[in-house]
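So the structure is just underneath, and the comments pick up after that.
Read-outs throughout are calculated quantities, based only on the coordinates presented, and are distinct from any laboratory measurement. As the structure is a prediction and not an experimental result, all values here were calculated from the model. Backbone-built Cβ (ideal geometry, glycine too); neighbour counts: all protein chains shown.
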Amino acid sequence: MTDDTPRYHIDVSAVGYYLAEQSEPDEDHYVFAYRITLHNTGTIGAQLVSRHWIITDGNGEQQEVRGLGVVGEHPDLAPGEHFEYTSGCALPTPVGSMRGSYQMVAADGQRFEADIPEFVLTLPHVLH
């Protein structure tokens, strides 16, 4: 590999938070939002094409979600650029987690994945 070989890399960070005003704990309905930041730390531009989420509730039940783009967009990130968005999900438990990947296409046509590290969704003060 030479110094001018394209490097395909998107850093993904995520923060989850509880939306008490949209939740109904008495009915086992807990709503969470999460903010995702994608940062192109590679040497070539790339566009987000699709997403794959694995959502796990506090009982260990998993749900997989696949879809095109994010929040109706297909962000195209030049090297050094970032994109941030907020979305949400509902769980039947006060604690859960999310992880997954984004499917990307680089400016040269190369396809690659950007891993979404697992992050926790929880009510405040439930986990220490």
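So, of the residues in region 99-117 that are within 9 Å of the chain's Cα centre (by Cα) and surrounded by fewer than 18 Cβ atoms within 10 Å (Cβ to Cβ), which turns out to be farthest from Asp4 (Cα to Cα)?
Ranking the candidates gives Arg99 first.
Look at Thr5 and say whether it is loosely packed, with under 13 Cβ neighbours inside 10 Å and more than 20 Å from His125 (Cα to Cα).
yes
I need the full set of residues from region 56-80 which are assigned to a strand (DSSP E or B) and over 16 Å from Tyr30 (Cα atoms), in order please.
Glu64, Val65, Arg66, Gly67, Leu68, Val70, Glu73, Asp76, Leu77
Return yes when Thr43 is in contact (Cβ under 8 Å) with a residue 60 or more places away in the chain, farther than 17 Å from Ala14 by Cβ and either surrounded by fewer than 13 Cβ atoms within 10 Å (Cβ to Cβ) or not hydrophobic (A, V, I, L, M, F, W, C) (or both) and no when it is not. Break it down into steps so the answer makes sense when it comes.
On the way: in contact (Cβ under 8 Å) with a residue 60 or more places away in the chain: no; farther than 17 Å from Ala14 by Cβ: yes; either surrounded by fewer than 13 Cβ atoms within 10 Å (Cβ to Cβ) or not hydrophobic (A, V, I, L, M, F, W, C) (or both): yes.
The answer is no for Thr43.
List the number of the failed condition for Leu77; all other conditions in (1) in contact (Cβ under 8 Å) with a residue 40 or more places away in the chain; (2) within 13 Å of the chain's Cα centre (by Cα) hold.
Here Leu77 meets the rest and fails (2).
How many residues are farther than 16 Å from Ala14 by Cα, surrounded by fewer than 17 Cβ atoms within 10 Å (Cβ to Cβ) and touching a strand residue (DSSP E or B) at 6+ places or on another chain (Cβ under 6 Å) if we restrict to region 75-89?
3
Name the one entry in Tyr17, Tyr34 that is under 20 Å from His125 (Cα atoms), aromatic (Phe, Trp, Tyr) and under 12 Å from the mean Cα position of the chain (by Cα). Break it down into steps so the answer makes sense when it comes.
Numbers: Tyr17 fails: under 12 Å from the mean Cα position of the chain (by Cα).
The match here is Tyr34.
Looking only at region 81-128, how many residues end up being in a loop (DSSP other than H, G, I, E, B) and over 26 Å from Glu21 (Cβ atoms)? Reasoning before the result, please.
Keep residues of region 81-128 that are in a loop (DSSP other than H, G, I, E, B), which gives 81, 92-94, 107-110, 123-128.
Subsequent filtering for residues that are over 26 Å from Glu21 (Cβ atoms) retains 81, 107-110.
Of the residues in region 81-128, 5 are in a loop (DSSP other than H, G, I, E, B) and over 26 Å from Glu21 (Cβ atoms).
Considering only region 72-82, I want to know if a residue exists there that is under 14 Å from Tyr34 (Cβ atoms) and in contact with a Leu (Cβ under 8 Å, 6 or more places away or on another chain).
no
Residue check, Val95 against (1) over 15 Å from the mean Cα position of the chain (by Cα); (2) in contact (Cβ under 8 Å) with a residue 40 or more places away in the chain; (3) under 16 Å from Phe119 (Cβ atoms), all met but one. Which one?
The one condition Val95 does not meet is (2).
Among the residues of region 53-68, is there at least one that is touching a residue at least 40 places away in the same chain (Cβ under 8 Å), farther than 16 Å from Glu113 by Cα and among the aromatic types (Phe, Trp, Tyr)? Give the steps one after another, and end with the answer.
Going through region 53-68, the residues touching a residue at least 40 places away in the same chain (Cβ under 8 Å) turn out to be 53-56.
Within this subset, residues satisfying the condition of being farther than 16 Å from Glu113 by Cα are 55-56.
Cutting the leftovers down to among the aromatic types (Phe, Trp, Tyr) gives us none.
Scanning region 53-68 turns up no residue that is touching a residue at least 40 places away in the same chain (Cβ under 8 Å), farther than 16 Å from Glu113 by Cα and among the aromatic types (Phe, Trp, Tyr).
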